[in-house]
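Colleague: Have a look at the structure that comes next, please.
None of the figures in this text is laboratory data; all of them are computed from the coordinates on show. Computed from a predicted structure; not experimentally measured. Neighbour counts run over all protein chains shown; Cβ positions are idealised from the backbone, glycine included.
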Amino acid sequence: KFEVKFILDRYINLKITYKEDLESLNYLDYKDFRTGLGYDIHRIIKVTNKQYISLGGIKILSKAKIISHSDGDVILHAITDSILGALSLRDIGTYFPNNKKNFRRNSKDFLNFALEKMRKKKFLIGNIDLMIVSERPKINPYYDKMIKELCSLLNITENSITIKATTNEKSGLIGDEKFIACWSSLSLIKN
Ligand code: ZN
């Protein structure tokens, strides 16, 4: 004589009895969820006459000039690295070294390269969280324009992205207005 016992467990802990039960595992997308982290930093110098700089895929007129081999878009570089990171494909410098071909190169090329890798592996961006650390340029006046441009570049909607901006509280080299940095954290979900 056997006594039946019940055990309370998580819903996700599926009972596998028959061969067909294994198939249901294919419909669980938790195993196809990935996250990526990207970081980029560039030197900035103050100039007397305002110049156009590239930031978040748009052009901003600023007295802070970004020093870089490419167009120096720290936001696009950080996003590119976070996508490559989520796909376990190393980093931007692996594919785009500081050579002649990449001199003054539009950072959208780097981003599109990573997006292409992502699509080939059948992933979509779940959400993206950006953090810019700089004293200048101020991001707020360009926030809406930047978000629109990034949504179009990344093929996402505005509720999947945010840009947080913080200063370094006047401390260190960022606080001294000598550097601009950006962090990007994102999730990828299987298409
Ligand atoms: Zn960079």
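Colleague: Criterion first (within 16 Å of the ligand (Cβ to nearest atom), among the aliphatic types (A, V, I, L, M) and surrounded by 14 or more Cβ atoms within 10 Å (Cβ to Cβ)) does Met131 satisfy it?
Modeller: On the way: within 16 Å of the ligand (Cβ to nearest atom): yes; among the aliphatic types (A, V, I, L, M): yes; surrounded by 14 or more Cβ atoms within 10 Å (Cβ to Cβ): yes.
Considered against the rule, which asks whether it is within 16 Å of the ligand (Cβ to nearest atom), among the aliphatic types (A, V, I, L, M) and surrounded by 14 or more Cβ atoms within 10 Å (Cβ to Cβ), Met131 comes out as yes.
Colleague: Need pairs with beta-carbon distance below 7 Å; first residue in contact (Cβ under 8 Å) with a residue 24 or more places away in the chain and closer than 13 Å to Arg43 by Cβ and within the stretch 170-186, second buried (at least 20 other Cβ atoms within 10 Å of the Cβ) and among the polar types (S, T, N, Q); sequence gap 6+ or separate chains.
Modeller: Partner pairs satisfying both residue conditions: Ile174/Ser134; Ile180/Ser134; Ala181/Ser134.
Colleague: Out of curiosity, is Ile156 in a helix (DSSP H, G or I) and either hydrophobic (A, V, I, L, M, F, W, C) or crowded, with 20+ Cβ neighbours inside 10 Å (or both)?
Modeller: Against the criterion (in a helix (DSSP H, G or I) and either hydrophobic (A, V, I, L, M, F, W, C) or crowded, with 20+ Cβ neighbours inside 10 Å (or both)), Ile156 does not qualify.
Colleague: Would you list the helices (runs of 4 or more DSSP H) that sit entirely within the stretch 1-101 and hold 1 or more residues that are surrounded by fewer than 12 Cβ atoms within 10 Å (Cβ to Cβ), within 16 Å of the ligand (Cβ to nearest atom) and of a type outside the set (Phe, Trp, Tyr)?
Modeller: Where helices (runs of 4 or more DSSP H) fall fully within the stretch 1-101 and carry at least 1 residues being surrounded by fewer than 12 Cβ atoms within 10 Å (Cβ to Cβ), within 16 Å of the ligand (Cβ to nearest atom) and of a type outside the set (Phe, Trp, Tyr), they are 92-95.
Colleague: Would you confirm whether any residue within the stretch 38-54 is in contact with a Gly (Cβ under 7 Å, 6 or more places away or on another chain) and among the acidic types (Asp, Glu)?
Modeller: no
Colleague: Has the stretch 91-103 got any residue that is over 29 Å from Ser171 (Cα atoms), among the hydrophobic types (A, V, I, L, M, F, W, C) and out of contact with any strand residue (DSSP E or B) (no Cβ under 7 Å at 6 or more places or on another chain)?
Modeller: Let us first name the residues in the stretch 91-103 that are over 29 Å from Ser171 (Cα atoms), namely 94-103.
Those still in the list that are among the hydrophobic types (A, V, I, L, M, F, W, C) too: 96, 103.
From the residues that got through so far, the ones that are out of contact with any strand residue (DSSP E or B) (no Cβ under 7 Å at 6 or more places or on another chain) too are 96, 103.
Within the stretch 91-103 (the criterion being over 29 Å from Ser171 (Cα atoms), among the hydrophobic types (A, V, I, L, M, F, W, C) and out of contact with any strand residue (DSSP E or B) (no Cβ under 7 Å at 6 or more places or on another chain)), the answer is yes, since at least one residue qualifies.
Colleague: Now for a different question. Which one of Leu124, Leu111 is in contact (Cβ under 8 Å) with a residue 40 or more places away in the chain and farther than 24 Å from Ser62 by Cβ?
Modeller: Leu124
Residue-wise test of (1) under 21 Å from Ser68 (Cβ atoms); (2) more than 12 Å from the chain's Cα centre (by Cα); (3) buried (at least 19 other Cβ atoms within 10 Å of the Cβ).
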{"residue": "Lys138", "(1), (2), (3)": "yes, yes, no"}
{"residue": "Leu150", "(1), (2), (3)": "yes, no, yes"}
{"residue": "Ile161", "(1), (2), (3)": "no, no, yes"}
{"residue": "Gly172", "(1), (2), (3)": "yes, yes, no"}
{"residue": "Gly175", "(1), (2), (3)": "yes, yes, no"}
{"residue": "Ile180", "(1), (2), (3)": "yes, yes, yes"}
{"residue": "Asn191", "(1), (2), (3)": "no, yes, no"}
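Colleague: Might you let me know whether the stretch 111-118 holds any residue that is closer than 21 Å to Tyr143 by Cα, surrounded by 15 or more Cβ atoms within 10 Å (Cβ to Cβ) and within 15 Å of the ligand (Cβ to nearest atom)?
Modeller: Yes, the conditions are met somewhere in the stretch 111-118.
Colleague: To continue, here is another question. If a residue must be within 19 Å of Asn155 (Cα to Cα) and in a helix (DSSP H, G or I), how many such residues does the stretch 102-117 contain?
Modeller: Total meeting the criteria: 11.
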